[in-house]
Structures are given as C-alpha cells and as structure tokens.
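A short reminder: the numbers here are calculations on the coordinates, not readings from a lab. Every value quoted in this text rests on a predicted model; they were computed, and no experiment measured them. Neighbour counts are summed over all protein chains in view; Cβ atoms, including those assigned to glycine, are modelled from backbone coordinates with ideal geometry.
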Amino acid sequence: MKILFYIVSIVLLAISCSDGPVSFEDDSRVKTIYGIEVVSRNGSKDGDIGDVEKNPCEKNGLELLAFPNPYFATATFIQYNLDREKEVQVSIETAKVTDDLRAELEDKGYEIRNHTEYKNFVFYTEVKEEGLNSVLHIIYIFKPGPYLINILDEDGNKSCFPYIIVPDIDIP
C-alpha cells in the first residue's frame, strides 16, 4: 500500500509541475491599464476615463502621446519630446484593462475586446532629433483591444501611453 501511495504521489507531482500554456490574464508580462487619456484627431486632450495615475507608465520629460485615442485600427500619430538628439525605441505591446475601466468605456459606447496572447512589436529603434518628434504609424495590423505604446531612450528613460484600438465602428 505504501508503494502505491508513493507512486501516486510522484505521478501527481509530475503532472502538477508540467509547463502548460499560461493564459493571457496570468502572463506576468501583461500590464494592466487603469485609465486612458481621451485624445482627439487633432491631438488635443479631451479628458480622462478611469484612473490614469495608476497606469504602469513613468512620468518624465518624454511626454509621450498617441492620438486619436480610442480609435479604430488604421493609423496613429505618436509624439514625444527629446532633450537632445538620441536613439529611441518605440514599441507597442498588448495589455489588459480593469473591469471598472472596461465598464466606463462601454458606457461611453466603446467596445473593448480582450487579447488572447502577449505580443510586443517594435516600430523602430533609431536616432531622433532634439525637441518634438511626431511620427505617423500604420497600425491596421493590430487587432482591436488595449495596448501600451512604449518609448525607451538611450539614457534609460522610458514611458508608455495606454492606447485602445476599437473595432471599426462609429466612434462616439
């Protein structure tokens, strides 16, 4: 009987230690968005939805902005400030939103879709000029859902901007 107990214990231990797939919700790389800045097509800020102060983005001189936000997936302008000419990396990664933010966005007429896997796509790594940099990025290849647009400069300064891509519908 003891031998059977040991065999069953070993089998259960082996099964529990298997490396099965990790769900998107449980993936440690996925960051949570607590609030977004609503930004019109001309780049003017139209207020916040949710609690933007809790977002995983560092505040610094980069002043990262993406607009319009929320928007359906076609193209977006990404703007940031640099204190001198330097190399920067701009990327976009899948994220998730809190239930409270999802409810607030849906109350305003935005449909928020969930991602099923983590992805991080680098738009570019290159030297950019001092001052305001504004680049149009085509993002129709990205599925609707929440994202973080990230910037990292050669000095280690980084920031992000929560961005929501909604399905191609009438934007409120």
Per the charge dipole of the stretch 41-166 (beta-carbon charges, Lys/Arg positive, Asp/Glu negative, Cα centre), the residue among ASN157, VAL135, PRO146 reaching farthest to the positive end is PRO146
Mind giving me the nanometre distance, one decimal, between the label points for GLU117 and ASN133, set 7 Å out from Cα along Cα→Cβ? 3.0
Using Cα-Cα distances under 8 Å and only pairs 6 or more residues apart, what relative contact order does the stretch 41-166 have, in percent? 37
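Fewest to most neighbouring Cβ within 10 Å: what's the order for ASP27, ASP153?
The most exposed by this proxy come first: ASP27, ASP153.
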Where a ≥ b ≥ c are the square roots of the eigenvalues of the C-alpha gyration tensor, would you call the stretch 41-166 rounded, which needs a/c under 1.5, or, failing that, prolate if a/b is larger than b/c, or oblate? prolate
Can you compute the FRET efficiency between ASP155 and ASP107 using 1/(1 + (r/R0)^6), with r the Cβ-Cβ distance and R0 = 45 Å? Round to the nearest 0.05. 0.65
Rounded to the nearest Å, what's the spacing between the alpha carbon centres of the stretch 154-168 and the stretch 22-42? Just the number, please. 9
Here the net charge surrounding CYS57, from other residues whose Cβ is less than 14 Å away from its Cβ (Lys, Arg +1; Asp, Glu -1), is -3
Measure off 7 Å from each Cα along the Cα-to-Cβ vector at SER40 and ASN60, then give the distance between these two points in nanometres to one decimal. 3.2
Straight-line reach from LYS96: which lysines fall under 29 Å, measuring Cα to Cα and dropping same-chain residues less than 8 apart? LYS31, LYS45, LYS54, LYS59, LYS108, LYS119, LYS143, LYS158
For the pair ARG84/GLU53, report the inter-label distance in nm, with labels modelled 7 Å from Cα in the Cβ direction. 3.4
